[in-house]
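Notes for the one structure printed next.
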Amino acid sequence: MRYIVTGAAGFVGANLVAALNARGEKDIIVVDQLRDCHKYRNLVDLEITDYLDQDEFLAKFRGGFLGQIAGVLHEGACSDTMEMDGRFMMANNFRYTCDVLDICTAQKVPLLYASSAATYGGSQVFSEDRAYEKPLNIYGYSKFLFDQVLRRRLAEKSLTSQVVGFRYFNVYGPKESHKGRMASVAFHHFHQYKQSGAVQLFGGYDGYEAGEQKRDFVYIDDVVQVNLFFLDRPELSGIFNLGSGRAQTFNDVASSVINGLGGIGTVDYRDQSVAQLVSQGAIRYIDFPEALKGKYQSFTQASLERLRAVGYAQPFHTVEEGVGKYMQWLSDNTDFLAVQA
């Protein structure tokens, strides 16, 4: 079978291609833009049929030049939550996805796409319901608006094939280093710790003590498994949260990074508590940035009720489990990708 993966040189996209390869699927058309040429390295160990730039993909797909497609996994988007060019964000994230949906509908091709927990923004409830969606930036709004398109199509019963949107929470894991400042906290902590023997976290803000802001951190392997679960069940459509279902602190991430990597020089930090790591200077706090105030989610936790209701029963990695695996991967692949600014 032939699949299309957009954003395939990116983080989630590259891991999805790898998972399809692991299933024996090699007839994969990857779509991306390589203005950052370093991203090609995410594709080197993958088996694919063809590469298309995002600017040529839609015309070829619409024209029927790509053959019979078993499914489109649409991960391509601008994921920079600090991007201020609203016209670019809406064209790249919203309008482009609308075009992909229209073509998939016309050709009866299943579509699995990346939404985002940023659709919830300032909400304190993270359930897939319009009442709780309050995006804080144009990135969140671009994802939110397309989710409304899917909701209308579902209500109108105008879909001709499966369409599923995944509201990704804080995803971390291998092949994200090209994301620069938008790479995960775990990734940045790995490099900070290797370079200085300490990691930095935001100080107190929004009623939370230093490092105690909580996010739903979800390991990339879990994200991939949920995508494959739906790919195997074309009768399922809708919008689903994709997080671990638990909120853990940034202090948890920092201590898991340090415990996973062990000591620096003669100092062994393994199996130490957050308080011990802070007292020894291995965790340090900085003032909360003014630029993020009012635009920052201090707490996220995915409701998995809808995901569990359709039959996904697998457990999700805790921060300690997932970060431990990730630190081992980064330690074994230090030359895979240099840190990109």
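Quotient of the Cα radius of gyration of the range 83-225 and 2.2 N^0.38 Å, N being its number of residues: 1.22. A protection proxy built from the mean count of other Cβ atoms within 10 Å ranks the segments 240-248, 224-232, 302-310, 112-120, most packed first, as 112-120, 240-248, 224-232, 302-310.
Bin by bin, in steps of 5 Å, what percent of the Cα pairs in the range 175-287 do you find, going until the bin that has the longest distance? Per 5 Å bin, starting at 0, the Cα pair percentages come out as 2, 10, 18, 19, 17, 13, 8, 5, 4, 2, 1, 0. Its relative contact order, with pairs defined as Cα atoms under 8 Å and 6+ residues apart, puts the range 106-184 at 38 percent.
Exceeding 30 Å between C-alpha atoms, which entries from my cross-link table qualify? They are LYS179/LYS214; LYS60/LYS134; LYS26/LYS214; LYS26/LYS134; LYS60/LYS325. Among LYS179/LYS214; LYS60/LYS134; LYS26/LYS214; LYS26/LYS134; LYS60/LYS325, the Cα-Cα distance tops 30 Å for LYS60/LYS134; LYS26/LYS214; LYS26/LYS134; LYS60/LYS325. Pairs of Cα atoms nearer than 8 Å and 6+ residues apart set the relative contact order; for the range 1-99 it is 34 percent. Once the C-beta distance of SER273 and ASN333 is scaled by a Förster radius of 41 Å, the resulting FRET efficiency is 0.90 to the nearest 0.05. The mean sequence distance of close C-alpha pairs (under 8 Å, at least 6 residues apart), as a share of the length of the chain, puts its relative contact order at 17 percent.
With the highest mean first, a sort of the peptides 158-169, 91-102 on other beta-carbon atoms found within 10 angstrom per residue produces 158-169, 91-102. What the pair-distance distribution of the range 3-71 shows, using all Cα-Cα distances binned every 10 Å from zero, is 22, 55, 23, 0 percent. Using every pair of distinct Cα positions in the chain, the Kirkwood expression returns a hydrodynamic radius of 20.7 angstrom.
Roughly how many Å is it from the Cα centre of the range 61-116 to that of the range 141-198, as a whole number? Centre-to-centre (Cα) distance: 14 Å.
No lab work stands behind these numbers, since they all come straight from the coordinates. What you are looking at is a predicted structure, and each value in this text was computed from that prediction instead of being measured. Ideal geometry is used to build each Cβ from the backbone, glycine not excepted, and the neighbour counts take in all protein chains shown.
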